[in-house]
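Participant: This is the structure, below, for whatever I ask next.
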């Protein structure tokens with residue numbers, strides 16, 4: 001007997017690799033999963049999509065042995081199994097590649113892969129056997145790994161392949177990939193999809209979790225949509241659009257974003273000249289960078305992770321010292337100002353890592369709402385916090401920003417990632433800032449939360465807010481930015497017009513595969529200064545086609 005996959009391949013009629021039947025998982029005060037059903041077959045890439053808080057992570061943690069279901073059954077290859085911890089899941093052939101890599105940067109690829117699963121001979125590490133097995137995994141699945149390379153020297157895409165090799169080295173036949181494309185440029189996404197195709201063709205079952213619905217449709221054989229803790233649809237990608245998936249995820253029809261109607265003002269809100277920022281060790285992370293951000297303008301910065309974009313934002317907010325150059329806010333030099341003074345002067349900050357820098361997970365939402373503003377008269381009187389006023393204002397903010405929480409006394413750690421991010425964005429924009437520094441404002445959030453955050457950023461821009469935007473989401477950068485820069489090895493490598501650039505072209509600049517043409521006005525030499533009004537017209541830009549896929553964001 002045989003069966004056909006959704007892409008036309010003929011597969012042996014084998015029992016499902018994974019079958020989740022009626023999985024229900026409850027936590028105090030919340031039902032995370034309710035009667036969830038999921039069937040994943042060998043030789044299939046099965047995507048699982050849903051809003052933040054829909055229950056995807058809980059479901060995968062249950063499959064990986066990190067949670068025990070309150071109801072329901074897990075079957076592997078047709079046999080009921082109880083997986084009491086990740087060790088048992090790994091022994092059963094399940095491997096999970098997390099969104100945030102778990103690699104020791106000062107160790108080699110081989111050392112990271114074998115750590116905790118070392119082949120031994122007479123009680124000692126069998127190094128030749130470890131090399132043999134890693135080469136076998138790398139060659140079989142097209143991972144192209146150098147066992148002796150240090151992790152700290154690898155690109156993001158190469159590190160991800162090391163994570164995949166780790167689970168394959170342990171014999172995994174079922175792979176869970178959590179947001180695997182979150183920090184990859186388009187060319188690296190293509191490489192990953194090629195690897196996934198190889199895994200699928202060799203009979204592995206791949207569970208692919210992503211918020212990027214166009215990628216889901218490109219790589220998945222089957223798609224399961226989860227909404228509010230339960231499965232609502234399982235469908236094939238053929239004939240399905242990203243908008244179809246998004247509306248299944250949120251349960252309602254999504255609005256269509258409107259085009260920009262408010263012009264950019266001439267007044268410069270933020271001026272950066274000759275900025276050099278040192279790294280913790282080694283050469284400067286940012287070298288001689290100059291740019292202007294006008295009122296009502298979003299200036300985007302693209303770059304492969306590790307090329308200085310995050311250090312740039314940290315220097316602008318005051319978290320990282322400036323070695324050379326100046327930063328001016330509305331014409332006033334603020335280069336030496338501390339963080340608090342910059343924030344009080346009107347600079348808002350959406351940090352890269354919401355857990356480490358954006359909120360206190362163990363504190364109540366009302367406490368997180370007044371972070372940095374606890375001395376403001378609205379929340380303080382004679383040195384005492386006005387708790388009633390803070391709670392009332394937080395309740396208003398939760399409603400305005402569609403933060404789904406029981407109330408202002410809920411701890412921040414109890415919210416999903418998307419709701420945490422909406423709270424941070426709402427908090428920063430509610431303070432009436434003059435400049436917003438937004439680092440990855442929609443990282444790890446679902447399509448509904450992403451749409452809401454984009455809408456708030458656009459409205460703030462149209463009301464005159466100057467915004468510096470850093471994002472690994474190239475569609476987001478192109479769709480929201482009025483001016484777009486590329487950072488490569490800490491320098492401005494190109495200035496592009498977002499109206500005439502595609503993610504593929506932008507990715508080629510980010511990786512250094514494409515250089516700006518000097519006569520096109522794109523080339524930024526080390527000593528060049530950009531004036532407030534210098535931008536590329538459409539005719540000066542690259543010869544790529546218009547990016548109709550992001551036009552709706554603008």
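The values are calculated or read from the model by the stated rules, or taken from the named source; none is laboratory data. Computed from a predicted model, the values in this text were never measured in an experiment. Backbone-built Cβ (ideal geometry, glycine too); neighbour counts: all protein chains shown.
Participant: Criterion first (touching a strand residue (DSSP E or B) at 6+ places or on another chain (Cβ under 9 Å), touching a residue at least 24 places away in the same chain (Cβ under 8 Å) and surrounded by fewer than 23 Cβ atoms within 10 Å (Cβ to Cβ)) does residue 427 satisfy it?
Facilitator: Here the answer is no, as residue 427 does not meet what is asked.
Participant: Could you please let me know if residue 127 is over 30 Å from residue 51 (Cβ atoms) and buried (at least 20 other Cβ atoms within 10 Å of the Cβ)? I'd like the intermediate steps shown before the answer.
Facilitator: Details: over 30 Å from residue 51 (Cβ atoms): yes; buried (at least 20 other Cβ atoms within 10 Å of the Cβ): no.
Against the criterion (over 30 Å from residue 51 (Cβ atoms) and buried (at least 20 other Cβ atoms within 10 Å of the Cβ)), residue 127 does not qualify.
Participant: Still on this structure, please answer the following. Return yes when residue 314 is crowded, with 20+ Cβ neighbours inside 10 Å and without any contact (Cβ under 8 Å) to a residue 40 or more places away in the chain and no when it is not.
Facilitator: Values: crowded, with 20+ Cβ neighbours inside 10 Å: yes; without any contact (Cβ under 8 Å) to a residue 40 or more places away in the chain: yes.
For residue 314, the condition - crowded, with 20+ Cβ neighbours inside 10 Å and without any contact (Cβ under 8 Å) to a residue 40 or more places away in the chain - is met.
Participant: Any idea how many residues of region 399-415 are under 19 Å from residue 388 (Cβ atoms) and buried (at least 17 other Cβ atoms within 10 Å of the Cβ)?
Facilitator: Total satisfying the criteria: 3.
Participant: Does residue 418 satisfy the criteria of being under 24 Å from residue 356 (Cα atoms), at pLDDT below 90 and surrounded by 22 or more Cβ atoms within 10 Å (Cβ to Cβ)? Walk me through how you get there before you give the answer.
Facilitator: Numbers: under 24 Å from residue 356 (Cα atoms): yes; at pLDDT below 90: yes; surrounded by 22 or more Cβ atoms within 10 Å (Cβ to Cβ): yes.
The answer is yes for residue 418.
Participant: Filtering region 362-377 down to residues that are closer than 24 Å to residue 445 by Cα and in contact with a strand residue (DSSP E or B) (Cβ under 7 Å, 6 or more places away or on another chain), which residue is surrounded by the fewest Cβ atoms within 10 Å (Cβ to Cβ)?
Facilitator: Once the filter is applied, the top-ranked residue is 362.
Participant: Moving on to the next point. So, restricting to strands (runs of 3 or more DSSP E) that lie completely within region 235-343, which ones have at least 2 residues that are at pLDDT 95 or above, under 20 Å from residue 478 (Cβ atoms) and in contact with a helix residue (DSSP H, G or I) (Cβ under 9 Å, 6 or more places away or on another chain)? Give the steps one after another, and end with the answer.
Facilitator: Working: elements: 268-277, 286-294, 298-302, 324-329.
Fully inside region 235-343 and qualifying: 298-302.
Participant: Give 196, 168 a once-over and let me know the one that is part of a helix (DSSP H, G or I) and closer than 29 Å to residue 509 by Cα. Break it down into steps so the answer makes sense when it comes.
Facilitator: Values: 168 fails: closer than 29 Å to residue 509 by Cα.
Residue meeting the stated conditions: 196.
Participant: Filter region 94-118 down to the residues that are farther than 23 Å from residue 184 by Cα and surrounded by fewer than 16 Cβ atoms within 10 Å (Cβ to Cβ) and list them by number.
Facilitator: 115, 116, 117, 118, listed by residue number.
Participant: Follow-up. Name every residue in region 396-428 that is more than 18 Å from residue 360 (Cα to Cα) and either assigned by TED's automatic domain parsing to the domain that holds residue 53 or not in a helix (DSSP H, G or I) (or both), in order of residue number. Don't jump to the end; show me each part of the working.
Facilitator: Initially, region 396-428 is screened for residues more than 18 Å from residue 360 (Cα to Cα), giving 396, 399-402.
The answer is 401, 402.
Participant: Now, a different point. Across region 171-190, what is the total count of residues that are surrounded by fewer than 19 Cβ atoms within 10 Å (Cβ to Cβ), touching a residue at least 12 places away in the same chain (Cβ under 8 Å) and part of a helix (DSSP H, G or I)?
Facilitator: Counting residues in region 171-190 that are surrounded by fewer than 19 Cβ atoms within 10 Å (Cβ to Cβ), touching a residue at least 12 places away in the same chain (Cβ under 8 Å) and part of a helix (DSSP H, G or I) gives 1.
Participant: Identify the single condition in (1) farther than 27 Å from residue 270 by Cβ; (2) free of Cβ contacts under 8 Å to residues at least 40 places away in the same chain that residue 410 does not satisfy, given that it satisfies every other one.
Facilitator: If we test residue 410 against (1) farther than 27 Å from residue 270 by Cβ; (2) free of Cβ contacts under 8 Å to residues at least 40 places away in the same chain, just (2) comes out false.
Participant: On to the next question. Where in region 431-518 are there helices (runs of 4 or more DSSP H), lying wholly inside it, with at least 3 residues that are surrounded by 22 or more Cβ atoms within 10 Å (Cβ to Cβ) and within 16 Å of the chain's Cα centre (by Cα)?
Facilitator: Values: elements: 447-462, 474-480, 503-510.
By residue number, 447-462, 474-480.
Participant: Going through region 346-361 one residue at a time, which ones are within 20 Å of the chain's Cα centre (by Cα) and either surrounded by fewer than 18 Cβ atoms within 10 Å (Cβ to Cβ) or assigned to a loop (DSSP other than H, G, I, E, B) (or both)?
Facilitator: To start, the set of residues in region 346-361 that are within 20 Å of the chain's Cα centre (by Cα) comprises 349-359, 361.
Scanning region 346-361 gives 351, 352, 353, 355, 356, 357, 359, 361.
Participant: Specify the residue that is farthest from residue 47 (Cα to Cα); the eligible residues are those in region 207-222 that are at pLDDT 95 or above and surrounded by fewer than 24 Cβ atoms within 10 Å (Cβ to Cβ).
Facilitator: 221
Participant: Any residue that is assigned to a strand (DSSP E or B) and on the phi > 0 side of the Ramachandran plot - is there at least one of those in region 43-62? Give the derivation first.
Facilitator: Taking region 43-62 first, the residues assigned to a strand (DSSP E or B) are 44-49.
Filter again for on the phi > 0 side of the Ramachandran plot, leaving none.
The answer is no, given that none of the residues of region 43-62 is assigned to a strand (DSSP E or B) and on the phi > 0 side of the Ramachandran plot.
Participant: Go through the residues of region 370-385 one by one and say whether even a single one is without any contact (Cβ under 8 Å) to a residue 60 or more places away in the chain, in a helix (DSSP H, G or I) and not assigned by TED's automatic domain parsing to the domain that holds residue 439. It would help to see each step written out before you state the result.
Facilitator: Going residue by residue through region 370-385, those that are without any contact (Cβ under 8 Å) to a residue 60 or more places away in the chain are 370-385.
With the extra rule that they be in a helix (DSSP H, G or I), the set shrinks to none.
No, region 370-385 contains no residue that is without any contact (Cβ under 8 Å) to a residue 60 or more places away in the chain, in a helix (DSSP H, G or I) and not assigned by TED's automatic domain parsing to the domain that holds residue 439.
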